[in-house]
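Contents: one structure, followed by commentary.
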Amino acid sequence: MRSVRTHALVLPSARAAVSLEAIHLGEPGPGEVLLRMEACGICHSDVFVTSLERLPIAPITLGHEGIARVEAIGTGVTRWAAGDRAGITFLGSTCGSCEFCTSGRERFCPKQTNFGYTLQGALSDAVIAPAAALTRVPSSLPAEVAAPLCCAGWTAYRALREANLEPEQSVALFGYGGLGHLALQIARHRGLRVSVSDPSESKRAQARSDGAELDARGVDAAIVFTAAPTAIPQAFRSLKRGGTLVLVGLSVANYELPLVDTVLKGITVKGSYLGTRDDLADVFLLAAQGILRPHIHTHSLGESPVLLDQLRRGSVSGRLVVVW
Ligand SMILES: [Zn+2]
Ligand SMILES: [Zn+2]
């Protein structure tokens, strides 16, 4: 049996330090493919996983924003062949039969698996993955451009759709990192008025030069991309009557909902997680048309432990992408 030696960014156990480790992969099993990674973005959810008190599996390789080439296929795989380009998102396999799976909302399947959480992730030279979990990626997009679309772009796109806005309406984005900067591009393309809030002065300056206003008051919708829980009350206060608060950034903190304002102002509060498969196809299309242009900083896998620290400190603008 062939064995592939790979380096991977591994979280050895809950709350331990991440490190680069050498791993041996065997042949892909039934329904699986062996992927050779081309690029993988680093997401704040990777940082979130490192902060959890318990992990579903350990050690776990992080990463869920990967672009790869199929190198070998296991038995029973019919939709993929060697040389195909494949994308890895956070969404792994789903049951295919629950009410969510059968209504295009696989992302809420209670039996879902997730790359970099319950499946070994994409921050690795090579990965063995269930073929059913992979997504097609247009070959016209450079790998490092396509990678951030697999989580940041996809999630930002759906969050804006959840805000349910018409052109000329206003949206306030909280957090101008990987998701926020892509949301700004999509929102402007849709003809929305956009404001951005971020504690970092340099990110605010970047947002302004990217076309955002900086004053979030009386907006139709506010979307909280940052994991910093202090942004939520700020976002809530920025809404006008009938406004919508969309929560995206993950943290284990709680938020006390102001009941009087929620009720008397008719505020809608909703969570948004990943998107539909059609959303992801739309995001790739917007990038292929040059409308969506991720700001990326490319690095080697060897730098990834340091990159994760930078992301934890909130000092990253745009998206950090590991390239091979
Ligand atoms: Zn992510
Ligand atoms: Zn399901």
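The values are calculated or read from the model by the stated rules, or taken from the named source; none is laboratory data. Note that the structure is predicted; figures quoted are calculated from it, not measured. Neighbour counts run over all protein chains shown; Cβ positions are idealised from the backbone, glycine included. Note: areas computed on protein heavy atoms with side chains; ligands, DNA, RNA excluded. Shrake-Rupley method; radii C 1.70, N 1.55, O 1.52, S 1.80 Å.
Taking every C-alpha pair closer than 8 Å and separated by at least 6 residues, the mean separation divided by the residue count of the stretch 1-50 gives a relative contact order of 35 percent. Using the Cβ-Cβ distance between Arg2 and Thr262 with R0 = 56 Å, the FRET efficiency computed as 1/(1 + (r/R0)^6) comes to roughly 0.45.
For the pair Val269 and Glu168, a Förster radius of 22 Å applied to the C-beta separation gives a FRET efficiency near 0.40, rounded to the nearest 0.05. Zone of Ser139 (label point 7 Å along Cα→Cβ, backbone N under 18 Å): which residues in the stretch 68-102? The answer is 68-73, 79-88.
Compute, for the stretch 142-258, the length of the dipole vector about the Cα centre, with Cβ point charges of +1 (Lys, Arg) and -1 (Asp, Glu) only. Units Debye, rounded to 20. Present the calculation step by step, with values, prior to reporting the outcome.
Values: 12 positive and 11 negative charges, 35 e Å.
Around 160 debye, computed over the stretch 142-258.
Rolling a 1.4 Å probe over the protein heavy atoms of the chain, with every protein chain left in place, gives an accessible area that is 51 percent carbon and sulfur.
Using R0 = 30 Å, the C-beta based FRET efficiency linking Ala281 and Arg204 works out to 0.40. Near Ile291, within a Cβ-to-Cβ distance under 13 Å, what is the net charge of the other residues, with Lys and Arg +1 and Asp and Glu -1? Within the 13 Å Cβ shell, the charges total +2. Of the trypsin sites (Lys or Arg not before Pro) found in the stretch 24-95, the ones in coil according to DSSP and having at most 12 other Cβ atoms within 10 Å of their Cβ are Arg54, Arg79. Taking Lys and Arg as +1 and Asp and Glu as -1, the other residues whose beta-carbon sits under 12 Å from that of Gln185 total +2.
Shape class for the stretch 1-147: rounded, because the ratio a/c of the largest to smallest gyration tensor axis (alpha-carbon atoms, square roots of eigenvalues) is under 1.5.
Can you give the calculated 222 nm mean residue ellipticity of the chain, where each DSSP H run of n ≥ 4 adds -39,500 (n - 2.57) and the sum is split over every residue, rounded to the nearest 500 deg cm²/dmol? Write out the running numbers ahead of the final one.
Details: 9 runs with 79 residues, N = 324.
The helix contribution divided over the chain gives -7000 deg cm²/dmol.
Excluding ligands, DNA and RNA, what is the solvent-accessible area per residue of the chain at a probe of 1.4 Å, expressed in Å²?
Values: 14260 Å² over 324 residues.
On a per-residue basis, 44 Å².
As I understand it, the value is the acute angle between the Cα axis of helix 277-288 and the longest principal axis of the Cα atoms of the chain; what does it come to in degrees, rounded to 10? Around 90 degrees separate the two axes.
For Leu274, Leu165, the ranking by accessible surface with the largest value first comes to Leu165, Leu274, using a 1.4 Å probe.
Round to a whole angstrom and tell me the spacing of the C-alpha centers of the stretch 29-100 and the stretch 288-324. For the stretch 29-100 versus the stretch 288-324, the Cα centre distance is 19 Å.
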